[in-house]
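Bear in mind these aren't lab numbers, they're just calculated from the coordinates by the rules spelled out. Keep in mind that what you see is a predicted model, and the values were worked out from it rather than measured. Neighbour counts run over all protein chains shown; Cβ positions are idealised from the backbone, glycine included.
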């Protein structure tokens, strides 16, 4: 697989000197006992003797088929579309806005990326000098491992509700645009502080419940979320360019053009990125997941508070919240 050069920002490289000791972090997701390398491609629990394969160098702690299969298809197809290329910083900008993290905080720290996908935001964090462990329920973890093979990064295929880590392992945890795709977003958010070191910070970004533009898309999703990923992608490959072109022509009309465009955008919601590939990817990402919940700042604040997280911050992009674990620990 060919790779493209990744842009460098702020003069901070992903060259943190301390490698990630994955085995020291790992625990059996069933009994929480330590694991050992029984072979070069297999981990074994030292207590319950369950084994976990590591094909292609990515440990797998979930069943081969699960509700996130569409994301495996998606990120294998668009394996580098969202990475920052050629001195652009779109993903870095999103990362800053949705976590509130800055390079000086993450440099040299051990960071957990929950729902890493193809490594879009882990690329930013490792570029800032963080040591990043990325987990994803889907086979996208394999794509992330390939994309970031030259970084201080390791990827695992694991479930947020049964993660294979020792408690209080990470300095920072973030999850951007992922936990609303689980069967229970609240439980998923509340599962994270357990793995945060005392004094460490976590940030999540979730779909907003404040904007109602997606009402029609929720109706369509009753059908699209049940379609095979390849079939849905094929349909959108035809439909998205037609809807985007229609919208573009309407907005150019004087007078009634923009009101008609607004109707089209609400009745047929698609992504309107100027890049056709991102436009199709982001639209597929919206219509394909089995689960998709929307949330308010108030409820996410309550979740953070119930986990005894402190110093809570509402960030500028709805709905993004950041908090810190007390120095005496919790959960």
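Applying the set (1) loosely packed, with under 14 Cβ neighbours inside 10 Å; (2) not in a helix (DSSP H, G or I) to residue 293 leaves exactly one unmet item: (1).
Where residues in region 210-258 are closer than 19 Å to residue 70 by Cα and not in a helix (DSSP H, G or I), which of them is nearest to the chain's Cα centre (by Cα)? Among residues in region 210-258 that are closer than 19 Å to residue 70 by Cα and not in a helix (DSSP H, G or I), the one nearest to the chain's Cα centre (by Cα) is 225.
Kindly evaluate residue 88 against the criterion of being under 30 Å from residue 237 (Cα atoms) and over 18 Å from the mean Cα position of the chain (by Cα). Spelling it out, residue 88 is indeed under 30 Å from residue 237 (Cα atoms) and over 18 Å from the mean Cα position of the chain (by Cα). For residue 210, indicate whether it is surrounded by fewer than 12 Cβ atoms within 10 Å (Cβ to Cβ), touching a residue at least 24 places away in the same chain (Cβ under 8 Å) and within 28 Å of residue 320 (Cα to Cα). So residue 210 passes the test. Against the numbered list (1) touching a helix residue (DSSP H, G or I) at 6+ places or on another chain (Cβ under 8 Å); (2) in contact (Cβ under 8 Å) with a residue 24 or more places away in the chain; (3) not in a loop (DSSP other than H, G, I, E, B), residue 82 comes up short only at (3). Against the conditions (1) closer than 21 Å to residue 142 by Cβ; (2) under 16 Å from the mean Cα position of the chain (by Cα), residue 64 satisfies every one except (2). With respect to the conditions (1) out of contact with any strand residue (DSSP E or B) (no Cβ under 7 Å at 6 or more places or on another chain); (2) closer than 29 Å to residue 218 by Cβ; (3) touching a residue at least 40 places away in the same chain (Cβ under 8 Å), residue 113 falls short on a single one, namely (1). Take residue 240 and tell me if it is crowded, with 20+ Cβ neighbours inside 10 Å and closer than 30 Å to residue 131 by Cα. The answer is no for residue 240.
Just one of (1) in contact (Cβ under 8 Å) with a residue 12 or more places away in the chain; (2) over 26 Å from residue 23 (Cβ atoms); (3) in contact with a helix residue (DSSP H, G or I) (Cβ under 9 Å, 6 or more places away or on another chain) fails for residue 57. It is (2).
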